[in-house]
Amino acid sequence: MIPRRLAAGRRSRRLPKKALLSVLAFCLPLGGACGGRQRAQPVRELRLVFATPPLTLDPQRHREDLTHMVLANFYEGLATFDGNLQIRPCLAVEWTNPSDTVWRFRLRQGVRFHDGTAFGAADVERTIERARRAEGTTVEADVRSIVEVRILDPLTVELVTDRARPLLLAKLARTPILPRSSSDAPITTPIGTGPYRFAGASPNLDWVSGLRFEGYWGPPPAYPAFRIEVADGEQRRLELVRQGADLATP
């Protein structure tokens, strides 16, 4: 995800790889992402330079951290991790366990996908169904352990597991919710509920861009747009930082 700390100014810099991954993995997208605090909004595009591209634009067809970081600006899960790695509500506002094998989620009202459709229980059902059954998906075993999805009403859903799964909520935090219209085919145009909507990418994903989603349910992200691009060689990435890129991996 895009780190908050860049909101303060235009200081270009390079971070050690481990530090960069930590920042991107656990900081919320700027001003958005599941109720993060709103901050002053820069008027320019945020530009990040990576050494390697994301593997895919399909959030269910990878288990790679950098890809997750990129797609987390377009997609959200039922829950999320905050900067202290504590699980917090996101598209679900609360959850309970009526039994050891049943998780009941009350979903957030007023959320819309980037195509304008309303978010609800049917989207959770389709997401889990696709994750468990579509060919080529690579989701956590705990998600595959869901044996039934029960829609109690448009904003209440129950997930039934094969046995007690205490880590299910953490796995669901890394399971982005897709629209109910999603097919089993690989996703090439992300449509999620996140603070940025997909604006384009090259065929080999050596650049990916997003625009602020004006219909986002939470505080707006700080930057109006972002662009992630890939540059071969540390020297080339350093040159791009000197030319105005905000952050680059070593």
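The values are calculated or read from the model by the stated rules, or taken from the named source; none is laboratory data. As the structure is a computational prediction, the values presented were derived from the model and not from experiment. Glycine also receives a Cβ, built like all others from the backbone with ideal geometry; neighbour counts cover every protein chain displayed. Remember, those area values only see protein heavy atoms, side chains included, never the ligands or the DNA or RNA. Shrake-Rupley method; radii C 1.70, N 1.55, O 1.52, S 1.80 Å.
Points worth noting:
- Whole-percent carbon and sulfur share, accessible surface of the range 116-250, 1.4 Å: 50 percent
- Distance from the alpha carbon centroid of the range 115-182 to that of the range 203-250 works out to 30 angstrom.
- Accessible surface, per residue, of the range 112-250 when the full set of protein chains is kept, probe 1.4 Å, Å²: 44 Å²
- Leu167-Glu94 pseudo-label distance in nm [points 7 Å out on the Cα-to-Cβ vector]: 2.9 nm
- Couplings 3J(HN,Hα) of the range 173-187, computed from phi: 5, 10, 10, x, 7, 9, x, 5, 7, 5, 8, 7, 5, x, 7 Hz, in residue order, whole Hz [Karplus 6.51 cos²θ - 1.76 cosθ + 1.60, θ = phi - 60°; x for Gly and Pro].
- Overall, the range 151-250 carries a charge dipole of about 160 debye about its Cα centre when +1 sits on the Cβ of Lys and Arg and -1 on the Cβ of Asp and Glu, all other atoms neutral.
- On the basis of the beta-carbon distance and an R0 of 25 Å, Glu239 and Arg63 show a calculated FRET efficiency of 0.20.
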